Amino acid sequence: MAKWTSKVESDQSEDDVSEINTDGSDPDYEAEEMSRNIALDKLVEESEIDWEQDCCAPLCKNSDEEEQQEQGSTSSRGRGRGSSKPGVFTSTPDERWNDVDVPDITPPQPTFAPTNPPGPQLDQTATYTVLELFQLFFTNSVLQTIIQNTNDFGSTHHSTPSKPWIDLTLQDMFSYLSVIIYMGLVKCSALTDYWRGGKLYSFPFTKRFMTGKKFFSISRALRLSSMADDEANKQRIGTEAFDCLSKIKPLYHEIREACKRNYHPDQEIAIDARTVHIGGKQYLKNEPVRGGYKVFVLVDSKSGYMWDFFVYEGKLQGSSGLGLGYESVMKLVDTPLLGTGYKLFVDHLYSSPALFLVLLHKKIWACGPILTKRSGCPKKKVNSLDSECASGSIRWIRNDSLLFVLWRDARDVYLCSTFHTAHAQDTVQRRVKGADQRWVLKDIPVPPAVKNYNQCMGGVALSDTLMGNYNLNRKTQSWYKAFFHYFLDIAMVNAFLLHTDIATGEGQVPLTQKAFRETLAEELAEVGCHTGRAKVPSAPPTAHHRLVHISGDSTAGRLKCRNCGAKTPVKCSTCDMALCFVPKRDCYNDWHAARNIK
């Protein structure tokens, strides 16, 4: 729990402060987290391995025994130079790097055959509001499940005779989501700041639609899975049947299916790894953020839409023996659902000749930077780049369907592709030092594979940026609550991209992401406020509104002002709302004027 100064304490009631800790105050918290931690302790040894070692070791076999094992595992899929079937082949004695003076073939280009037309899979004749787009992912059915599970947990663990648990409604959840989205737009160092009074803090939006006490009460009791499922999973601790992700599975599956159902990617797609920030032990080595869970995502390169993703549990169910990078790509590239003829872009964590040939066999073409130590990569250095080569120098080797390209930039870039030619007339601008030792802009040659890769991986960067802006994640020890916020971000970003696609197709100017989230927060708040228990009562037009004292004492019996959150001894007798009425804070008239009540 945060340590408060005397000034902050003056802005909070005892009830509000008691609700600040939304994680650790659960009476059953440690026992509840035990099931996850026991399993993760077993998996940490795998997840904390150097990523490159985890991905590359199975592809870089050196011993004779490993060579035989590799050949045995690929014998049925084809191997050796000249094979276009999935497998790993080796270098040949005459292998040498070519320069741009040697012409290269133009490999056969993929015939794009998606299972559905690319773009939003929505009714083209319908008009969608921001809220309706969001609810394509967070449906009422999904929310009702969360509400039921939260009510069950709240009534069991957060109900006392003096403060009984009040069951949440769908409207309460709309208001709760609205406040969370607002918090992503307007940042404060502490959640309690959104309900503080005084001159420094004034947030009418949160105070109008939900009290701080209710917000923290929902946050503490929030559950995505049922208590019965959690208890059954606890009994499986230590067995293969134990599910590390059981606490997020209901929502996890729904969001994944909704992402695939509402959009179909264009021909260029990309795969990347991300991190959900929580107090877990898994991390990506050499990544800026280590704490959290790995999430592998498949993104449309053109729009940035996240079409599919999965949470890494510490191991993947695969029998290929080709490493985490290979298994994660094969899990995401669902050709029966996607179709064929796609161009997949991946980074060096995934790229390998073995993977690219298997994908080619599935009619998926691939491109990406590759590690030189991968099995199947050229090992000879004849005519390779040396210290005398200038910026823009290109070297390449083709081995049937696989093209390996070396390019001299600020550092050497090494790529593999199954659908590019080695060199063309493409150029990029770089700052180079001229003969007079001055830096000048100069056009230097660039391989088509490098240029195309940089363009298409921009979709991953766009998706990362959209997910990072206004993100909802806050530090929490409850990993499933962090995933709740992450899934909420996915739903909002994908809904925003659907809106952008629809508006652009109709010749309209789409909202910015900030405006989209602002509109969504307002629409959720209005639905929560005007259709359920949280509805602000409206008095008859002829009713006379009067200020009255709440009690006979100006200090005892004070209530929180519904407009600013400060304590007040007076209320509107007709609206039955506690409202401030002092020279510097006339909430009584402000509140009535905002609702056009005279």
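The values are calculated or read from the model by the stated rules, or taken from the named source; none is laboratory data. From a predicted model like this one, the values you see are computed outputs, not experimental measurements. Glycine gets a Cβ as well: all are built from the backbone with ideal geometry, and neighbour counts include every protein chain shown. Each accessible area value is taken on the protein alone, full model and side chains, heavy atoms only, with ligands, DNA and RNA left out. Shrake-Rupley method; radii C 1.70, N 1.55, O 1.52, S 1.80 Å.
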- Task: Could you grab me the full set of residues in the stretch 399-409 that are over 18 Å from F356 (Cα atoms) and in a strand (DSSP E or B)?
- Result: W407, R408
- Could you please let me know if E388 is open to solvent by 10 Å² or more (accessible area, probe 1.4 Å), in a loop (DSSP other than H, G, I, E, B) and either touching a Cys at 6+ places or on another chain (Cβ under 6 Å) or at pLDDT 95 or above (or both)? no
- Cβ-Cβ below 8 Å, separation at least six or inter-chain, first residue in the stretch 338-352 and in contact (Cβ under 8 Å) with a residue 40 or more places away in the chain, second part of a strand (DSSP E or B) and basic (K, R): which pairs? none
- Message: Being within 28 Å of the chain's Cα centre (by Cα), in a loop (DSSP other than H, G, I, E, B) and farther than 29 Å from T568 by Cβ is the requirement here; does L136 meet it?
- Response: yes
- Select from the stretch 276-301 the residues that are under 23 Å from Y453 (Cα atoms), modelled with pLDDT of 55 or more and not hydrophobic (A, V, I, L, M, F, W, C) and list them in ascending order. D300, S301
- Query: Only one of (1) under 20 Å from T206 (Cβ atoms); (2) at pLDDT 70 or above; (3) among the β-branched types (V, I, T); (4) open to solvent by 20 Å² or more (accessible area, probe 1.4 Å) is not met by T568, so which one is it?
  - Reply: (4)
- Filtered residue count, the stretch 410-441, keeping only those that are touching a residue at least 24 places away in the same chain (Cβ under 8 Å) and either assigned to a loop (DSSP other than H, G, I, E, B) or open to solvent by 100 Å² or more (accessible area, probe 1.4 Å) (or both): 8
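Taking the options I166, I147, name whichever one is farther than 18 Å from S225 by Cβ and surrounded by 14 or more Cβ atoms within 10 Å (Cβ to Cβ).
Matching residue, one of I166, I147: I166.
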- Message: Given the options I269, I237, I278, name the one that is surrounded by 19 or more Cβ atoms within 10 Å (Cβ to Cβ) and either touching a Pro at 6+ places or on another chain (Cβ under 6 Å) or within 27 Å of D152 (Cβ to Cβ) (or both).
- Response: I278
- Message: Suppose we filter the stretch 477-513 for residues that are buried (at least 19 other Cβ atoms within 10 Å of the Cβ) and among the small types (G, A, S); how many remain?
- Response: 4
- Output the residues belonging to the stretch 134-155 that are in contact with a Lys or Arg (Cβ under 8 Å, 6 or more places away or on another chain) and of a type in the set (S, T, Y). T150
- For the stretch 454-468, name all the residues that are open to solvent by less than 40 Å² (accessible area, probe 1.4 Å) and of a type in the set (A, V, I, L, M, F, W, C). C456, M457, V460, L466, M467
- Message: Criterion first (surrounded by fewer than 17 Cβ atoms within 10 Å (Cβ to Cβ) and part of a helix (DSSP H, G or I)) does S219 satisfy it?
- Response: no
- Task: Would you be able to tell me the number of residues in the stretch 110-139 that are open to solvent by 70 Å² or more (accessible area, probe 1.4 Å) and farther than 23 Å from G304 by Cα?
- Result: 1
- Residue satisfying condition, being at pLDDT below 95 and more than 21 Å from G528 (Cα to Cα), within set D167, D193, D172: D193
